[in-house]
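Undergrad: The structure's right below; bear with me while I get my questions together.
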Amino acid sequence: MNVAEAKQRESQVLLPTYDRVPLLLERGKDVYVYDADGHKYLDFVSGIGVNALGYGDRAVLKTISKQSARLIHCSNLYYHEFTAQIAERLVRISGLDRVFLSNSGTEAWEAALKISRAYAKKTAPTGSEPKYRVLAMSNSFHGRTYGALSTTGQAKYRDAFAPVLPGVEFVTFNDVEDLKQKFNDSVCAVALEAVQGEGGIQLVSREFLETARALTAGSGALLLLDEIQSGLGRTGEWFAYQHYGIKPDVITLAKPIAGGLPLGAVLTTNEAASCLKPGMHGSTFGGGPLACAVACTVIDQIEKRKLLKSNRELGKYFVKKLEGLKKKHACVHEVRGLGLMVAIELDSADLAKAAVPAMLERGVIINRTHETSLRFLPPYTIRKKHIDEVVKTLDATLKALEQTHTKSEAQPSPETELVAQGSTH
Ligand code: PLP
(Lines give C-alpha, C1' and ligand atoms only; values in the text may rest on other atoms or scores of the structure.)
Protein backbone atom coordinates (compact mmCIF):
# COMPACT_ATOMS: atom_id res chain seq x y z
CA MET A 1 0.00 0.00 0.00
CA ASN A 2 1.23 3.54 -0.70
CA VAL A 3 0.16 6.75 1.00
CA ALA A 4 -2.26 7.73 -1.78
CA GLU A 5 -4.02 4.38 -1.58
CA ALA A 6 -4.17 4.52 2.24
CA LYS A 7 -5.67 7.99 2.03
CA GLN A 8 -8.24 7.01 -0.56
CA ARG A 9 -9.34 3.83 1.23
CA GLU A 10 -9.50 5.50 4.65
CA SER A 11 -11.59 8.30 3.21
CA GLN A 12 -14.30 5.75 2.37
CA VAL A 13 -14.48 3.96 5.70
CA LEU A 14 -13.09 6.10 8.57
CA LEU A 15 -14.77 8.81 10.60
CA PRO A 16 -13.18 12.05 9.43
CA THR A 17 -11.47 12.89 12.76
CA TYR A 18 -7.85 13.19 11.60
CA ASP A 19 -6.18 15.51 9.14
CA ARG A 20 -3.18 13.24 8.57
CA VAL A 21 0.26 14.18 7.28
CA PRO A 22 0.74 12.31 3.95
CA LEU A 23 3.17 9.77 5.32
CA LEU A 24 2.68 6.01 5.49
CA LEU A 25 4.94 4.78 8.27
CA GLU A 26 6.20 1.26 8.14
CA ARG A 27 8.93 0.77 10.72
CA GLY A 28 11.22 2.54 13.14
CA LYS A 29 14.77 2.13 14.43
CA ASP A 30 16.48 4.20 17.13
CA VAL A 31 15.28 7.80 16.57
CA TYR A 32 14.27 7.29 12.93
CA VAL A 33 11.10 6.12 11.21
CA TYR A 34 10.83 4.81 7.64
CA ASP A 35 7.93 5.22 5.23
CA ALA A 36 6.55 2.72 2.75
CA ASP A 37 8.99 3.98 0.07
CA GLY A 38 11.97 3.46 2.37
CA HIS A 39 12.53 7.17 3.12
CA LYS A 40 14.12 7.82 6.48
CA TYR A 41 12.89 10.53 8.88
CA LEU A 42 14.41 11.87 12.07
CA ASP A 43 11.48 11.83 14.46
CA PHE A 44 11.21 14.85 16.78
CA VAL A 45 7.58 14.16 17.67
CA SER A 46 7.95 10.51 18.79
CA GLY A 47 4.27 9.67 18.51
CA ILE A 48 3.37 12.90 20.41
CA GLY A 49 5.68 12.17 23.29
CA VAL A 50 5.06 8.42 23.47
CA ASN A 51 8.17 6.76 22.07
CA ALA A 52 10.54 7.98 24.77
CA LEU A 53 13.05 5.18 24.18
CA GLY A 54 12.85 5.60 20.42
CA TYR A 55 12.04 2.67 18.17
CA GLY A 56 13.02 -0.96 18.56
CA ASP A 57 14.48 -0.57 22.05
CA ARG A 58 16.00 -3.96 22.88
CA ALA A 59 14.88 -4.07 26.52
CA VAL A 60 11.31 -3.15 25.59
CA LEU A 61 11.20 -5.74 22.80
CA LYS A 62 12.54 -8.42 25.13
CA THR A 63 9.87 -7.71 27.74
CA ILE A 64 7.11 -7.65 25.11
CA SER A 65 8.25 -10.93 23.67
CA LYS A 66 8.60 -12.66 27.05
CA GLN A 67 5.41 -11.32 28.64
CA SER A 68 3.19 -11.65 25.57
CA ALA A 69 4.02 -15.35 25.45
CA ARG A 70 3.05 -15.69 29.14
CA LEU A 71 0.00 -13.47 29.74
CA ILE A 72 -1.24 -10.47 27.73
CA HIS A 73 -4.45 -9.71 29.59
CA CYS A 74 -6.19 -10.73 32.75
CA SER A 75 -9.14 -9.06 34.42
CA ASN A 76 -8.74 -6.70 37.34
CA LEU A 77 -10.79 -9.29 39.25
CA TYR A 78 -7.44 -11.08 39.75
CA TYR A 79 -3.86 -10.26 40.73
CA HIS A 80 -0.85 -10.30 38.42
CA GLU A 81 2.73 -9.70 39.39
CA PHE A 82 3.32 -6.43 37.49
CA THR A 83 0.58 -4.28 39.07
CA ALA A 84 2.42 -3.94 42.36
CA GLN A 85 5.77 -3.66 40.56
CA ILE A 86 4.74 -0.69 38.39
CA ALA A 87 2.77 0.99 41.19
CA GLU A 88 5.77 0.74 43.55
CA ARG A 89 8.01 2.35 40.97
CA LEU A 90 5.53 5.19 40.31
CA VAL A 91 5.11 5.85 44.04
CA ARG A 92 8.88 5.94 44.51
CA ILE A 93 9.60 8.39 41.69
CA SER A 94 6.64 10.71 42.41
CA GLY A 95 6.52 10.90 46.21
CA LEU A 96 2.78 10.17 46.04
CA ASP A 97 1.18 7.14 47.71
CA ARG A 98 -1.31 5.30 45.52
CA VAL A 99 -1.94 4.39 41.87
CA PHE A 100 -4.89 3.55 39.61
CA LEU A 101 -4.09 2.22 36.13
CA SER A 102 -6.10 3.13 33.03
CA ASN A 103 -5.58 2.79 29.26
CA SER A 104 -5.02 6.38 28.21
CA GLY A 105 -4.32 9.88 29.39
CA THR A 106 -7.91 11.00 29.00
CA GLU A 107 -9.14 8.15 31.16
CA ALA A 108 -6.58 8.95 33.82
CA TRP A 109 -7.75 12.57 33.84
CA GLU A 110 -11.37 11.44 34.04
CA ALA A 111 -10.51 9.42 37.15
CA ALA A 112 -8.71 12.43 38.67
CA LEU A 113 -11.85 14.56 38.23
CA LYS A 114 -14.05 11.87 39.78
CA ILE A 115 -11.69 11.62 42.74
CA SER A 116 -11.80 15.38 43.33
CA ARG A 117 -15.60 15.38 43.64
CA ALA A 118 -15.77 12.15 45.64
CA TYR A 119 -13.11 13.46 48.03
CA ALA A 120 -14.99 16.75 48.51
CA LYS A 121 -18.22 14.85 49.26
CA LYS A 122 -16.55 12.53 51.72
CA THR A 123 -14.80 15.29 53.64
CA ALA A 124 -17.61 17.89 53.65
CA PRO A 125 -18.80 18.79 57.14
CA THR A 126 -22.52 18.09 57.55
CA GLY A 127 -24.66 20.98 56.46
CA SER A 128 -21.84 22.70 54.56
CA GLU A 129 -22.30 24.30 51.13
CA PRO A 130 -21.69 21.90 48.19
CA LYS A 131 -18.04 21.73 47.13
CA TYR A 132 -18.03 20.69 43.49
CA ARG A 133 -16.51 23.42 41.30
CA VAL A 134 -13.37 22.68 39.32
CA LEU A 135 -11.11 25.55 38.35
CA ALA A 136 -9.37 24.64 35.10
CA MET A 137 -7.07 26.75 32.92
CA SER A 138 -7.41 28.71 29.71
CA ASN A 139 -5.39 27.22 26.84
CA SER A 140 -5.28 23.77 28.51
CA PHE A 141 -5.80 20.31 27.02
CA HIS A 142 -6.87 17.23 28.98
CA GLY A 143 -8.46 14.92 26.40
CA ARG A 144 -11.66 14.13 24.54
CA THR A 145 -14.17 12.50 26.90
CA TYR A 146 -16.81 14.71 28.51
CA GLY A 147 -15.01 15.34 31.80
CA ALA A 148 -11.71 15.96 30.03
CA LEU A 149 -13.36 18.18 27.40
CA SER A 150 -15.16 20.15 30.09
CA THR A 151 -11.85 21.06 31.71
CA THR A 152 -10.08 21.75 28.40
CA GLY A 153 -9.77 25.53 28.09
CA GLN A 154 -9.99 25.75 24.30
CA ALA A 155 -13.46 26.31 22.90
CA LYS A 156 -12.58 24.70 19.54
CA TYR A 157 -12.47 21.26 21.22
CA ARG A 158 -15.63 21.74 23.34
CA ASP A 159 -18.16 23.75 21.39
CA ALA A 160 -19.48 21.11 18.98
CA PHE A 161 -20.29 18.85 21.92
CA ALA A 162 -21.90 21.33 24.33
CA PRO A 163 -23.39 21.28 26.88
CA VAL A 164 -20.37 19.88 28.69
CA LEU A 165 -20.01 18.99 32.38
CA PRO A 166 -21.37 21.70 34.69
CA GLY A 167 -19.33 23.18 37.54
CA VAL A 168 -16.16 23.98 35.63
CA GLU A 169 -14.78 27.51 35.43
CA PHE A 170 -11.69 28.67 33.57
CA VAL A 171 -8.93 30.73 35.10
CA THR A 172 -6.53 32.62 32.85
CA PHE A 173 -3.38 30.50 32.92
CA ASN A 174 -0.70 32.11 35.09
CA ASP A 175 -2.99 34.97 36.20
CA VAL A 176 -2.64 34.79 39.98
CA GLU A 177 -5.29 37.45 40.65
CA ASP A 178 -7.85 35.66 38.47
CA LEU A 179 -7.17 32.41 40.35
CA LYS A 180 -7.56 34.08 43.74
CA GLN A 181 -10.72 35.80 42.66
CA LYS A 182 -12.41 32.64 41.34
CA PHE A 183 -11.31 30.41 44.22
CA ASN A 184 -13.61 29.88 47.21
CA ASP A 185 -14.92 27.08 49.43
CA SER A 186 -17.14 25.69 46.66
CA VAL A 187 -14.01 24.64 44.70
CA CYS A 188 -13.14 20.92 44.95
CA ALA A 189 -10.12 21.05 42.63
CA VAL A 190 -7.69 23.30 40.82
CA ALA A 191 -6.65 21.46 37.67
CA LEU A 192 -3.72 22.27 35.40
CA GLU A 193 -0.79 21.13 33.31
CA ALA A 194 2.55 22.27 34.79
CA VAL A 195 3.69 22.64 31.19
CA GLN A 196 0.86 23.10 28.71
CA GLY A 197 1.60 20.79 25.79
CA GLU A 198 -1.13 21.21 23.15
CA GLY A 199 -1.24 24.84 24.28
CA GLY A 200 2.23 25.35 22.77
CA ILE A 201 4.70 24.42 25.59
CA GLN A 202 3.68 27.11 28.06
CA LEU A 203 5.26 26.77 31.49
CA VAL A 204 3.30 27.49 34.65
CA SER A 205 4.86 30.31 36.67
CA ARG A 206 6.25 29.50 40.10
CA GLU A 207 3.97 32.06 41.72
CA PHE A 208 0.87 30.65 40.04
CA LEU A 209 1.61 27.05 41.01
CA GLU A 210 2.52 28.00 44.59
CA THR A 211 -0.70 30.02 44.87
CA ALA A 212 -2.75 27.10 43.53
CA ARG A 213 -1.06 24.83 46.09
CA ALA A 214 -1.65 27.21 48.99
CA LEU A 215 -5.29 27.92 48.14
CA THR A 216 -6.23 24.25 47.73
CA ALA A 217 -4.31 23.13 50.83
CA GLY A 218 -6.01 25.83 52.87
CA SER A 219 -9.55 24.82 51.90
CA GLY A 220 -9.36 21.03 51.56
CA ALA A 221 -9.62 21.12 47.74
CA LEU A 222 -7.29 18.97 45.64
CA LEU A 223 -4.52 20.17 43.35
CA LEU A 224 -4.67 18.05 40.16
CA LEU A 225 -1.68 18.14 37.84
CA ASP A 226 -1.91 16.68 34.36
CA GLU A 227 1.57 15.28 33.63
CA ILE A 228 0.44 13.20 30.67
CA GLN A 229 2.76 15.02 28.28
CA SER A 230 5.30 16.47 30.72
CA GLY A 231 5.69 13.46 33.03
CA LEU A 232 8.00 10.47 33.23
CA GLY A 233 11.22 12.29 32.60
CA ARG A 234 10.52 14.42 29.55
CA THR A 235 11.32 17.71 31.29
CA GLY A 236 14.49 16.39 32.94
CA GLU A 237 12.83 15.51 36.25
CA TRP A 238 10.47 12.58 36.63
CA PHE A 239 7.62 15.09 36.84
CA ALA A 240 7.45 18.76 35.93
CA TYR A 241 6.18 19.74 39.41
CA GLN A 242 9.50 18.54 40.82
CA HIS A 243 11.16 21.58 39.21
CA TYR A 244 8.92 23.75 41.40
CA GLY A 245 9.36 22.03 44.78
CA ILE A 246 5.63 21.56 45.40
CA LYS A 247 3.69 18.33 45.94
CA PRO A 248 0.29 17.94 44.25
CA ASP A 249 -2.55 15.74 45.57
CA VAL A 250 -3.24 13.97 42.29
CA ILE A 251 -1.29 13.57 39.04
CA THR A 252 -2.09 11.87 35.76
CA LEU A 253 0.33 10.08 33.42
CA ALA A 254 0.20 8.20 30.14
CA LYS A 255 2.04 8.73 26.82
CA PRO A 256 5.58 7.30 27.31
CA ILE A 257 4.82 5.04 30.26
CA ALA A 258 4.54 1.70 28.46
CA GLY A 259 6.86 2.02 25.47
CA GLY A 260 4.00 2.63 23.01
CA LEU A 261 1.43 0.27 24.51
CA PRO A 262 -1.69 1.97 25.88
CA LEU A 263 -1.44 2.64 29.62
CA GLY A 264 -2.35 5.59 31.82
CA ALA A 265 -2.11 6.18 35.54
CA VAL A 266 -3.55 8.37 38.27
CA LEU A 267 -1.35 8.85 41.33
CA THR A 268 -2.75 10.26 44.56
CA THR A 269 -1.87 10.93 48.18
CA ASN A 270 -3.25 8.53 50.78
CA GLU A 271 -5.56 11.33 51.88
CA ALA A 272 -7.08 11.84 48.40
CA ALA A 273 -7.35 8.07 47.91
CA SER A 274 -9.38 7.74 51.12
CA CYS A 275 -12.57 8.71 49.22
CA LEU A 276 -12.55 5.52 47.13
CA LYS A 277 -13.79 2.03 47.86
CA PRO A 278 -14.15 -1.08 45.67
CA GLY A 279 -16.63 -0.64 42.83
CA MET A 280 -16.36 3.15 42.60
CA HIS A 281 -13.98 3.08 39.63
CA GLY A 282 -12.51 0.44 37.32
CA SER A 283 -11.45 -0.65 33.84
CA THR A 284 -11.48 -3.86 31.80
CA PHE A 285 -8.14 -3.33 30.09
CA GLY A 286 -6.43 -0.83 32.38
CA GLY A 287 -3.23 -2.09 33.97
CA GLY A 288 -2.97 -5.39 32.09
CA PRO A 289 0.12 -7.57 32.59
CA LEU A 290 1.77 -6.84 29.24
CA ALA A 291 1.46 -3.04 29.48
CA CYS A 292 2.57 -3.05 33.15
CA ALA A 293 5.57 -5.31 32.51
CA VAL A 294 6.71 -3.00 29.70
CA ALA A 295 6.14 0.08 31.88
CA CYS A 296 8.48 -1.39 34.53
CA THR A 297 11.10 -1.87 31.81
CA VAL A 298 10.66 1.71 30.52
CA ILE A 299 11.18 3.21 33.99
CA ASP A 300 14.15 0.94 34.66
CA GLN A 301 15.75 1.92 31.35
CA ILE A 302 15.25 5.65 31.99
CA GLU A 303 17.03 5.18 35.32
CA LYS A 304 19.74 2.85 34.09
CA ARG A 305 20.64 5.09 31.16
CA LYS A 306 20.46 8.28 33.27
CA LEU A 307 18.03 9.82 30.81
CA LEU A 308 16.71 12.48 33.20
CA LYS A 309 20.13 14.09 33.38
CA SER A 310 20.62 13.80 29.65
CA ASN A 311 17.15 15.26 28.97
CA ARG A 312 18.06 18.26 31.14
CA GLU A 313 21.37 18.76 29.32
CA LEU A 314 20.04 18.12 25.82
CA GLY A 315 17.07 20.40 26.49
CA LYS A 316 19.36 23.29 27.44
CA TYR A 317 21.52 22.65 24.37
CA PHE A 318 18.46 22.53 22.09
CA VAL A 319 16.97 25.76 23.49
CA LYS A 320 20.34 27.53 23.14
CA LYS A 321 20.60 26.45 19.51
CA LEU A 322 17.04 27.59 18.82
CA GLU A 323 17.79 30.95 20.45
CA GLY A 324 20.55 31.21 17.84
CA LEU A 325 17.95 30.64 15.11
CA LYS A 326 15.74 33.31 16.64
CA LYS A 327 18.54 35.83 16.16
CA LYS A 328 18.78 34.85 12.47
CA HIS A 329 15.08 34.68 11.60
CA ALA A 330 12.73 37.57 12.29
CA CYS A 331 9.76 35.18 12.03
CA VAL A 332 10.83 33.36 15.23
CA HIS A 333 9.14 35.17 18.11
CA GLU A 334 10.02 33.06 21.11
CA VAL A 335 11.72 29.85 22.18
CA ARG A 336 10.21 27.92 25.11
CA GLY A 337 11.25 24.69 26.73
CA LEU A 338 11.84 22.53 29.75
CA GLY A 339 14.03 19.50 29.11
CA LEU A 340 12.93 17.82 25.90
CA MET A 341 9.55 19.60 25.80
CA VAL A 342 10.39 22.44 23.46
CA ALA A 343 8.65 24.86 21.07
CA ILE A 344 9.34 27.87 18.94
CA GLU A 345 6.69 30.46 18.34
CA LEU A 346 6.47 31.83 14.80
CA ASP A 347 4.84 35.12 13.92
CA SER A 348 2.47 33.61 11.36
CA ALA A 349 0.15 30.60 11.36
CA ASP A 350 0.66 30.19 7.60
CA LEU A 351 4.40 29.95 8.04
CA ALA A 352 4.09 27.47 10.91
CA LYS A 353 1.66 25.37 8.89
CA ALA A 354 4.00 25.31 5.90
CA ALA A 355 7.03 24.50 8.06
CA VAL A 356 5.80 21.02 8.99
CA PRO A 357 5.62 19.53 5.46
CA ALA A 358 8.71 21.50 4.43
CA MET A 359 10.69 19.91 7.29
CA LEU A 360 9.24 16.53 6.39
CA GLU A 361 10.47 16.90 2.86
CA ARG A 362 13.94 17.47 4.28
CA GLY A 363 13.61 14.31 6.39
CA VAL A 364 12.60 15.68 9.81
CA ILE A 365 9.29 15.12 11.59
CA ILE A 366 8.04 17.99 13.75
CA ASN A 367 4.57 19.09 14.75
CA ARG A 368 2.59 22.32 14.85
CA THR A 369 0.32 23.03 17.76
CA HIS A 370 -1.77 26.02 18.74
CA GLU A 371 -1.57 27.52 15.23
CA THR A 372 1.81 29.25 15.52
CA SER A 373 3.95 26.93 17.70
CA LEU A 374 6.34 24.38 16.27
CA ARG A 375 6.61 21.67 18.90
CA PHE A 376 9.46 19.25 19.49
CA LEU A 377 8.98 16.13 21.64
CA PRO A 378 11.91 13.95 20.59
CA PRO A 379 12.75 10.55 22.05
CA TYR A 380 14.93 10.70 25.19
CA THR A 381 17.53 8.72 23.26
CA ILE A 382 18.51 11.52 20.87
CA ARG A 383 22.10 12.80 20.84
CA LYS A 384 23.48 16.30 20.22
CA LYS A 385 24.07 15.45 16.55
CA HIS A 386 20.32 14.95 16.09
CA ILE A 387 19.58 18.35 17.60
CA ASP A 388 22.21 19.88 15.30
CA GLU A 389 20.54 18.22 12.31
CA VAL A 390 17.08 19.49 13.26
CA VAL A 391 18.30 23.04 13.88
CA LYS A 392 20.22 23.08 10.59
CA THR A 393 17.18 21.78 8.72
CA LEU A 394 14.93 24.30 10.45
CA ASP A 395 17.32 27.08 9.52
CA ALA A 396 17.18 26.12 5.82
CA THR A 397 13.43 25.60 5.94
CA LEU A 398 12.68 28.96 7.55
CA LYS A 399 15.00 30.68 5.11
CA ALA A 400 13.16 29.14 2.14
CA LEU A 401 9.72 29.79 3.61
CA GLU A 402 10.48 33.38 4.58
CA GLN A 403 11.29 34.08 0.93
CA THR A 404 8.17 32.46 -0.48
CA HIS A 405 5.92 33.86 2.25
CA THR A 406 7.09 37.42 1.81
CA LYS A 407 6.54 37.04 -1.93
CA SER A 408 2.96 35.92 -1.38
CA GLU A 409 1.40 34.98 1.96
CA ALA A 410 -1.44 33.22 0.19
CA GLN A 411 0.62 30.94 -2.07
CA PRO A 412 1.69 27.54 -0.72
CA SER A 413 5.44 27.00 -0.98
CA PRO A 414 6.70 24.61 -3.66
CA GLU A 415 7.72 22.24 -0.87
CA THR A 416 4.25 22.24 0.64
CA GLU A 417 2.76 21.43 -2.73
CA LEU A 418 5.17 18.56 -3.28
CA VAL A 419 4.25 16.98 0.03
CA ALA A 420 0.57 17.54 -0.63
CA GLN A 421 1.04 15.50 -3.83
CA GLY A 422 2.52 12.70 -1.78
CA SER A 423 6.12 13.25 -2.88
CA THR A 424 8.41 13.41 0.12
CA HIS A 425 12.13 13.84 -0.19
N1 PLP B 1 -3.56 15.58 28.82
C2 PLP B 1 -2.53 16.07 28.15
C3 PLP B 1 -1.67 17.12 28.79
C4 PLP B 1 -2.22 15.61 26.86
O5 PLP B 1 -1.17 16.11 26.20
C6 PLP B 1 -3.04 14.62 26.29
C7 PLP B 1 -2.78 14.13 24.92
O8 PLP B 1 -2.16 14.76 24.11
C9 PLP B 1 -4.11 14.12 27.03
C10 PLP B 1 -4.34 14.62 28.28
C11 PLP B 1 -4.99 13.03 26.46
O12 PLP B 1 -4.29 11.82 26.50
P13 PLP B 1 -4.74 10.58 25.58
O14 PLP B 1 -4.69 11.03 24.19
O15 PLP B 1 -3.76 9.49 25.93
O16 PLP B 1 -6.12 10.18 26.01
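Undergrad: When you go through 162, 118 one by one, which is the residue that is over 30 Å from residue 86 (Cα atoms) and surrounded by fewer than 20 Cβ atoms within 10 Å (Cβ to Cβ)?
TA: Working: 118 fails: over 30 Å from residue 86 (Cα atoms).
Unique residue meeting the criteria: 162.
Undergrad: Looking only at the range 57-84, which residues are open to solvent by 30 Å² or more (accessible area, probe 1.4 Å) and closer than 18 Å to residue 377 by Cα?
TA: none
Undergrad: What do you reckon, is residue 131 among the basic types (Lys, Arg) and in contact with an Asp or Glu (Cβ under 8 Å, 6 or more places away or on another chain)? Lay out the reasoning, then the answer.
TA: Values: among the basic types (Lys, Arg): yes; in contact with an Asp or Glu (Cβ under 8 Å, 6 or more places away or on another chain): yes.
So residue 131 passes the test.
Undergrad: Could you say whether any residue in the range 209-219 is acidic (Asp, Glu), surrounded by fewer than 22 Cβ atoms within 10 Å (Cβ to Cβ) and more than 12 Å from residue 248 (Cα to Cα)?
TA: Residues of the range 209-219 that are acidic (Asp, Glu), as a first pass: 210.
From the residues that got through so far, the ones that are surrounded by fewer than 22 Cβ atoms within 10 Å (Cβ to Cβ) too are 210.
If we keep only those that are more than 12 Å from residue 248 (Cα to Cα) as well, we get none.
So far as the range 209-219 goes, no, none of its residues is acidic (Asp, Glu), surrounded by fewer than 22 Cβ atoms within 10 Å (Cβ to Cβ) and more than 12 Å from residue 248 (Cα to Cα).
Residues checked against (1) assigned to a helix (DSSP H, G or I); (2) in contact (Cβ under 8 Å) with a residue 40 or more places away in the chain:
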position: 6; (1), (2): yes, no
position: 15; (1), (2): no, no
position: 38; (1), (2): no, no
position: 51; (1), (2): no, yes
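Undergrad: Name the residues in the range 100-115 that are over 10 Å from residue 145 (Cβ atoms) and not in a helix (DSSP H, G or I), would you?
TA: Passing the criteria: 100, 101, 102, 103.
Undergrad: Further question on the same structure: Just one of (1) within 12 Å of the ligand (Cβ to nearest atom); (2) closer than 18 Å to residue 217 by Cα trips up residue 187, so point out which.
TA: With respect to (1) within 12 Å of the ligand (Cβ to nearest atom); (2) closer than 18 Å to residue 217 by Cα, residue 187 is out only on (1).
Undergrad: I've got another one for you. Only one of (1) at pLDDT 95 or above; (2) open to solvent by 30 Å² or more (accessible area, probe 1.4 Å) is not met by residue 21, so which one is it?
TA: Looking at each condition in turn, residue 21 falls short on (1).
The values are calculated or read from the model by the stated rules, or taken from the named source; none is laboratory data. Because the structure is a prediction, the values reported are computed rather than measured. Please note: Cβ atoms are built from the backbone with ideal geometry, for glycine as well, and neighbour counts cover all protein chains shown. Accessible surface is based on the protein model in full, side chains and every heavy atom, while ligands, DNA and RNA are left aside. Shrake-Rupley method; radii C 1.70, N 1.55, O 1.52, S 1.80 Å.
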